[in-house]
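Only one structure is covered here, and it is reproduced in the block below.
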Amino acid sequence: MDALHSRLLVTGFAEMFDFYQAVLPELIGAKLMKGGPQGPYANWDVEDQAALVLFDRGAMAVLAGTAHLSATAAPAQDRTMFVCRVDDVDTGAELCLRHGATPVVGPTDRPEWGPTLRTAHLRDPEGNLIELQSYEG
């Protein structure tokens, strides 16, 4: 049973599917369990636990009764972040960038957050904030 997992509501399903299918297996060992680029649903698991689910934003808007509202908001601070523990932040960031992520903050040691923590922050093709993190040593 999946107790907790992230579900991203996406507008460009095929592009987002291609991005996460290209990076999740190498980043965190996730395997595609269901779905494909046609949508409206896809999920990746790590060791039989859901790690990430994509769901078509328009389909969810119909279900939630919000299809008449704008799918985009005015520029604002991020409200969510997808965090991935990885073996090597530098390699993971490079992988994401090769597949269409945009950099926010490159790989950086963060001793103020944790004595051996290293992070990188990127945005996926729809602008969702991603943090890659590793604890070295």
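The values are calculated or read from the model by the stated rules, or taken from the named source; none is laboratory data. Just so we're clear, the structure is a prediction, and the values are computed from it rather than from any experiment. No Cβ is skipped: glycine too gets one built from the backbone with ideal geometry, and neighbour counts run over all protein chains shown. Surface areas here come from the heavy atoms of the whole protein model, side chains and all, with no ligands, DNA or RNA. Shrake-Rupley method; radii C 1.70, N 1.55, O 1.52, S 1.80 Å.
Among 107, 30, 40, whose Cα sits farthest toward the positive end of the charge dipole of the chain (+1 at Cβ of Lys/Arg, -1 at Cβ of Asp/Glu, about the Cα centre)? Of the options given, the answer is 40. Annotation: per residue accessible area for the stretch 32-130 equals 61 Å², rounded to a whole number [probe 1.4 Å, protein chains only].
Over the stretch 1-68, the alpha carbon radius of gyration divided by the compact-protein estimate 2.2 N^0.38 Å works out to 1.12.
Summing -39500 (n - 2.57) over the DSSP H runs of n ≥ 4 in the chain and dividing by its residue number, what mean residue ellipticity at 222 nm do you reach, to the nearest 500 deg cm²/dmol?
-7500 deg cm²/dmol
How much of the accessible area of the chain, probe 1.4 Å, is carbon plus sulfur, in whole percent? Carbon-and-sulfur percentage of accessible area, whole number: 54. Peptide packing for 21-28, 103-110 was compared via the average number of neighbouring C-beta atoms within 10 Å per residue; ordered from the highest value, the list is 21-28, 103-110. Each Lys and Arg adds +1 at its Cβ and each Asp and Glu adds -1 at its Cβ; summed about the Cα centre, the stretch 63-116 shows a dipole of about 300 debye. So if I take the centroid of the Cα atoms in the stretch 72-92 and the same for the stretch 8-70, what is the distance between those two points in Å? Cα centroid to Cα centroid, the span is 15 Å.
Of the beta bridges in the chain, as assigned by DSSP with both residues counted there, near 70 percent are antiparallel. Proximity of backbone amide H atoms, modeled 1.01 Å from N, is registered between residue 6 and 53 at under 5 Å, excluding neighbours fewer than 5 places apart on the same chain.
Evaluated with a Cβ-only charge set (Lys, Arg +1; Asp, Glu -1), the chain carries a dipole of roughly 460 debye about its Cα centre, given to the nearest 20.
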